[in-house]
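Below: the structure, in structure tokens.
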Amino acid sequence: KRIVILISGRGSNMEALHQRCTEQGWPAQVVAVIANRPQAGGLAWAAERGIAATCVDHRAYPQREAFDAALAAAIDAHAPDLVVLAGFMRVLGADFVRRYEGRLLNIHPSLLPAFPGLHTHRRALEAGCKAVGATVHFVTPELDHGPIVMQSVVPVLPGDDEQKLAARVLATEHVIYPLAVRWFVEGKLRVENGLVIQADGA
Ligand code: GRF
């Protein structure tokens, strides 16, 4: 299976996914990494490993539809079976999302449906949460609301600040995202009535 990863920044989830793919001999490979910012750190990392790494700079497209279309063209050039959003910080339009429906995954650093959107760790601390986590979900037009594939949970500890919490959650993202992608490429995920069913019943 062919995987295209979209990033906006450092790309640590992209790294974790690529590493797991290659080390564990999955029936899948990361064929391209596309960023919306030329300075995204993950682009260089990918290029150094021989992965096609390109940028579709959102600043060159004042209209979101035009950006989405350019992005879709860049993605489709690699004929992916799965498109993975890994710290991709642009909101995608409904047409774009529908084009990849059922093969578009995202990871969000909260226990959805709690805290969609930005600043999740700060908001969790302000709400007095005693546990937080991350969610892998299929992408639907409504931001951070698609069918949930997998979640991780970590405790909120005394003395935590936003950075400490983010780091604790991120370490679990690097575990659950590759696992969720592996289930996808092995054909184990099915969506029924907006809920993810694991085909093996595991
Ligand atoms: C992660 O916390 C992810 O959940 C969120 O943005 C961050 C991206 O980190 N959407 P990285 O670029 O994968 O290191």
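Over the range 2-198, what is the relative contact order in percent, taking alpha-carbon pairs closer than 8 angstrom and at least six residues apart?
19
Only lysines eight or more places from LYS188 in sequence, or on another chain, were considered; those with a Cα closer than 21 Å are LYS1. Compared with the direct C-alpha span, the chain from GLU126 to ASP76 gains 13.9 nm at full extension, assuming 0.36 nm per residue.
Computed about the Cα centre, the dipole magnitude for the chain is approximately 140 debye when only Lys and Arg (+1) and Asp and Glu (-1) carry charge, each at its Cβ. The Cα-based radius of gyration of the range 2-198, divided by its Kirkwood radius, gives an Rg/Rh of 0.95. Backbone geometry of the range 25-38 corresponds, through the Karplus equation with coefficients 6.51, -1.76 and 1.60 at θ = phi - 60°, to 3J(HN,Hα) couplings of x, 5, x, 7, 8, 7, 8, 7, 10, 10, 10, 9, 10, x Hz, x marking Gly and Pro.
Please state, to two decimals, what the Cα-based radius of gyration of the range 1-115 comes to when divided by 2.2 N^0.38 Å (N = residues). Could the numbers behind the result be given before it?
Numbers: Rg = 13.6 Å, N = 115, 2.2 N^0.38 = 13.4 Å.
That works out to 1.02 for the range 1-115.
Modelled label positions at LEU143 and ALA199, each set 7 Å beyond Cα in the direction of Cβ, lie 3.4 nm from each other.
Across ASP144, ASP68, ASP161, mean-square fluctuation computed from a Gaussian network of the chain (C-alpha pairs under 10 Å connected) peaks at ASP161.
No value in this document is a laboratory result; all are computed from the given coordinates. Source: prediction; values computed, not measured. Note that we place each Cβ from the backbone using ideal geometry, even for glycine, and neighbour counts take in every protein chain shown.
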